[in-house]
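Visitor: To start, I am sharing the structure in question, which I have written as structure tokens.
Throughout, read-outs are computed from the coordinates displayed, never taken from laboratory work. These numbers come from a predicted model, not from an experiment. We place every Cβ from the backbone using ideal geometry, glycine too, and count neighbours over all the protein chains shown.
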Amino acid sequence: MKIKIISGEKILAGPFQLFSYPHIGGFEPTAPQNPCEALIFKTRSRAGVKFAASGRLPKNSARRENERTWTTGDVIEFFIQAAGRDDYYEFHATPEGFGLQLHIPHYKLLRKIPFENVIRECGLEVKTTELTDDLWVGEMSVPIAEFKKGAFKFCVSRYYYANTRDIEFSSYPPLPAPQGYHNPPKWVFAGA
């Protein structure tokens, strides 16, 4: 495992493997062909995800913050929702270190709100610690002031682009189709 925990970091969940997402044909979740291992961590002031994602030549063509990174190449997504709340956050990291920060009021409203209206600066930090021809290791974290009151739900997902036609979708926890990754009732809790 390439994921490293440093002094002052506490593991809240994991490490765990992402499962293939059954986006076509209703197949059951399986191990992805290009595995991604992740864990949820926190420090005194931040919470986030660390990950190690395999796959040939990981890359994303995004060139600035808050682009639609799920359409431009390999991306890790981190969804987080405070316990007892309807709103949630979605954060992205690209191999090149760009991020996307979204605040969504309710998952049932997702497709009814313009993309530009859910972009929200939340203090996301994206770090790529290793990038090779077949591996991408990194992390993303956000300030945890809003999540200090207790546990939170989370989901980690990935879009891996082998090419523009062959996209591998994966997530943890494994999620049922067709709702997609935006399914907070099916996410899992991390400790406080």
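Visitor: What spacing in nm lies between the two simple spin-label points modelled at C122 and L109, each 7 Å away from Cα in the Cβ direction?
Guide: The answer from the label model is 1.5 nm.
Visitor: Here is a follow-up. When only Cα pairs under 8 Å and 6 or more residues apart are kept, what is the percent relative contact order across the range 83-161?
Guide: It comes to 25 percent, rounded to a whole number.
Visitor: May I pose another question? Select from T72, T132, T94 the residue whose mean-square fluctuation is largest in a Gaussian network model of the chain (Cα-Cα springs shorter than 10 Å).
Guide: Per the Cα network of the chain with a 10 Å cutoff, T132 tops the list.
Visitor: Counting other beta carbons within 10 Å of each residue's own, what order do F51, F98 fall into, fewest first?
Guide: Least crowded to most crowded, the residues run F98, F51.
Visitor: Using +1 on the beta carbon of Lys and Arg, -1 on that of Asp and Glu, and nothing else charged, what's the dipole of the chain about the Cα centre, debye to 20?
Guide: That gives the chain a dipole magnitude of about 520 debye.
Visitor: State, as an integer percentage, the relative contact order of the chain based on alpha-carbon contacts under 8 Å between residues 6 or more apart.
Guide: Once normalised by length, the contact order is 25 percent.
Visitor: Still on this model: What residue among V49, V118, V75 has the largest mean-square fluctuation in a Gaussian network model of the chain, using Cα springs under 10 Å?
Guide: V118
Visitor: Separate question: With unit charges on the beta carbon (Lys/Arg positive, Asp/Glu negative), name the residue among S170, Q17, P185 whose Cα is farthest towards the positive pole of the charge dipole of the chain.
Guide: P185
Visitor: Report the extension gain between R56 and R85 in nm, rounded to one decimal, defined as 0.36 nm multiplied by the number of residues separating them, less their alpha carbon distance.
Guide: Contour length minus Cα-Cα distance gives 6.6 nm.
Visitor: Please compute the length gained on full extension between I11 and T132, using 0.36 nm multiplied by the number of residues separating them and subtracting their Cα-Cα distance.
Guide: 41.0 nm
Visitor: Right, here's the next one. Which residue, L100, L109, L18, tops the fluctuation ranking in a GNM of the chain built on C-alpha contacts under 10 Å?
Guide: For the chain, modelled as a Gaussian network with Cα springs under 10 Å, the answer is L109.
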